[in-house]
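What follows is one structure encoded as structure tokens, with my remarks underneath.
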Amino acid sequence: MNPFKGNIISKLPQTGTSVFAVMSGLAKKHNAINLSQGFPDFPISEELIDLVNHYMKKGFNQYAPMPGVPELRNAIAQMFQKNHAADYDAEKEITITAGATQGIFTAISAFVKPGDEVIIFEPAYDSYAPAVEVNRGIAKYSKLLFPDFRINWDELPKLITHNTRMIIINTPHNPTGSLLTEKDMKRLEKLTRGTDIIVLSDEVYEHLIFDGKLHQSVCRFPELAGRSLLLGSFGKTFHATGWKTGFVLAPENLMKEYRKTHQFVVFAANTPIQHAIADYLGNPENYLSLGVFYQQKRDYFVQAVAGSRFRVLPAYGTYFQLLVYSAISDESEMDFATRLIKEKGVAGIPVSPFYQKKDDNKVLRFCFAKREDTLQRAAEILCKI
């Protein structure tokens with residue numbers, strides 16, 4: 001094919017291939033145990049698969065309504081009422097998305113104008129800043145305090161200006177597994193009071209919380225909920241990341257604006273999967289049991305690497321575990337992670353790419369959403385390093 005001869009001006013000049021794709025590609029090339037990209041290697045619910053098949057055979061294969069099928073929006077409304085005593089109108093305040101990343105991009109595109117500032121806590125999931133930049137917004141960064149990854153409440157107020165349009169929060173937090181507390185949410189509520197700041201709350205791991213901790217969703221704080229778009233992911237919840245089905249909750253005035261953009265980004269999400277998940281949510285145990293399920297996997301992995309030279313950092317949510325390797329090597333995170341794949345056969349993710357300036361704390365992220373035999377094989381290798 002003849003290449004384009006004109007001048008290409010990149011809207012994302014500093015953006016390359018995602019670190020997830022890079023490390024997973026290396027893992028495949030070197031036949032390494034892949035604990036890098038966050039996807040399970042065990043089967044999803046047969047019941048859920050049967051439900052999708054059922055709705056496909058019944059003919060639910062054409063476009064869903066733009067906001068999502070009513071049955072699923074109603075099921076989500078009931079779930080949030082039951083779990084958080086939060087009331088969202090299924091018709092006007094809930095939209096189904098083609099995954100949470102699409103929901104994030106659409107939310108930023110709908111509200112961030114050229115010159116608007118968006119505060120991002122880092123290490124940060126890698127889709128936030130590019131979505132801001134492609135919409136000609138300005139990303140401003142606040143570093144979570146290492147090693148427990150708490151918000152720096154002394155710094156945050158100084159970042160807010162009259163141009164601050166949005167603050168993006170993520171709890172449980174990817175890549176660190178930390179949680180925002182009730183005190184954090186109340187401080188954020190107070191900090192944004194009387195402003196035009198919108199909060200984008202990424203809560204895709206809401207059901208994957210450990211050690212008896214409670215998920216402090218924005219919807220639990222009425223004043224904060226009134227300025228927030230809340231994102232969830234059924235792909236994460238039900239171990240089906242390839243289904244790319246998520247949702248956004250927001251007050252009617254924000255959702256009305258959100259949907260103006262949503263309809264031109266994706267229009268509608270997968271129809272039979274929406275119907276299937278609506279039925280599956282009818283049994284709350286299908287999601288309420290996940291915290292215990294994943295805590296057992298976290299504990300199994302942590303115990304398996306206990307004899308290694310890696311230092312374990314606490315993980316209170318998500319399905320990721322951070323390990324510090326400073327006692328093993330002074331290599332950069334990317335170099336150490338690459339060598340771990342090529343020479344040892346285990347793939348993790350360096351945390352440095354989650355920082356704007358590639359901060360290097362000698363930490364790798366490992367996904368424990370795997371079968372026990374997978375975790376055991378990986379741990380045996382890590383313990384020999």
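The values are calculated or read from the model by the stated rules, or taken from the named source; none is laboratory data. Not measured: the values here are computed from a predicted model. Ideal geometry is used to build each Cβ from the backbone, glycine not excepted, and the neighbour counts take in all protein chains shown.
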Here is a check on your reading of the model: is A21 free of Cβ contacts under 8 Å to residues at least 60 places away in the same chain and within 22 Å of A269 (Cα to Cα)?
no
If you take the residues in region 132-155 that are touching a strand residue (DSSP E or B) at 6+ places or on another chain (Cβ under 9 Å) and within 22 Å of A21 (Cα to Cα), which one is surrounded by the fewest Cβ atoms within 10 Å (Cβ to Cβ)?
E133
Could you say whether any residue in region 105-125 is in the same structural domain as N174 (by TED's automatic domain parsing), in a loop (DSSP other than H, G, I, E, B), in contact with a Phe, Trp or Tyr (Cβ under 8 Å, 6 or more places away or on another chain) and surrounded by fewer than 23 Cβ atoms within 10 Å (Cβ to Cβ)?
yes
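Could you pull out the residue among V19, V69 that is modelled with pLDDT under 95, surrounded by 11 or more Cβ atoms within 10 Å (Cβ to Cβ), in contact with a helix residue (DSSP H, G or I) (Cβ under 8 Å, 6 or more places away or on another chain) and over 26 Å from R165 (Cβ atoms)?
Values: V69 fails: modelled with pLDDT under 95.
Just one listed residue meets the conditions, V19.
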Can you confirm whether H215 is under 20 Å from the mean Cα position of the chain (by Cα), under 30 Å from R165 (Cα atoms) and outside any helix (DSSP H, G or I)?
yes
Between residues in region 305-333 that are over 30 Å from S217 (Cβ atoms) and residues that are of a type in the set (G, A, S) and assigned to a loop (DSSP other than H, G, I, E, B), which pairs lie under 6 Å by C-beta distance while being six or more apart or on different chains?
R309/A327
So, of the residues in region 310-363 that are more than 22 Å from the chain's Cα centre (by Cα) and of a type in the set (G, A, S), which turns out to be surrounded by the fewest Cβ atoms within 10 Å (Cβ to Cβ)?
A327
Report, by residue number, each residue of region 255-291 that is within 14 Å of M79 (Cβ to Cβ), in contact with a helix residue (DSSP H, G or I) (Cβ under 6 Å, 6 or more places away or on another chain) and hydrophobic (A, V, I, L, M, F, W, C).
I277, A278, L281
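So that you can scan it fast, the table gives a plain yes or no per residue for (1) in contact (Cβ under 8 Å) with a residue 12 or more places away in the chain; (2) more than 17 Å from the chain's Cα centre (by Cα); (3) outside the structural domain of T164 (by TED's automatic domain parsing):
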position	(1), (2), (3)
G177	yes, no, no
L180	yes, no, no
K190	no, yes, no
R193	yes, yes, no
D196	yes, yes, no
Y205	yes, no, no
Y258	yes, yes, no
So which residues in region 7-18 are in contact (Cβ under 8 Å) with a residue 12 or more places away in the chain and either of a type in the set (S, T, Y) or part of a helix (DSSP H, G or I) (or both), if there are any at all?
T15, S18
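Can you pull out every residue in region 156-170 that is in contact with a helix residue (DSSP H, G or I) (Cβ under 8 Å, 6 or more places away or on another chain) and surrounded by 19 or more Cβ atoms within 10 Å (Cβ to Cβ)?
Going residue by residue through region 156-170, those that are in contact with a helix residue (DSSP H, G or I) (Cβ under 8 Å, 6 or more places away or on another chain) are 156-157, 160, 165-169.
Passing the criteria: R165, M166, I167, I168, I169.
Taking the conditions exactly as written (modelled with pLDDT under 95 and among the hydroxyl-bearing types (S, T, Y)), does S228 satisfy them or not? Walk me through it before giving the result.
Numbers: modelled with pLDDT under 95: no; among the hydroxyl-bearing types (S, T, Y): yes.
Criteria not met by S228.
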Please go through region 197-216 and give me each residue that is touching a Leu at 6+ places or on another chain (Cβ under 7 Å) and among the small types (G, A, S), ordered by number.
S201
Could you tell me whether K357 is among the basic types (K, R), assigned to a loop (DSSP other than H, G, I, E, B) and not assigned by TED's automatic domain parsing to the domain that holds G99?
yes
Can you name every residue in region 347-375 that is out of contact with any strand residue (DSSP E or B) (no Cβ under 6 Å at 6 or more places or on another chain), closer than 15 Å to V19 by Cα and among the hydroxyl-bearing types (S, T, Y)?
S352
Can you pull out every residue in region 218-256 that is touching a residue at least 60 places away in the same chain (Cβ under 8 Å) and either part of a loop (DSSP other than H, G, I, E, B) or on the phi > 0 side of the Ramachandran plot (or both)?
F238, H239, A240, K244, T245, A250, P251
Residues that are part of a loop (DSSP other than H, G, I, E, B), at pLDDT 95 or above, more than 14 Å from F368 (Cα to Cα) and not assigned by TED's automatic domain parsing to the domain that holds N83: does region 288-306 have at least one?
yes
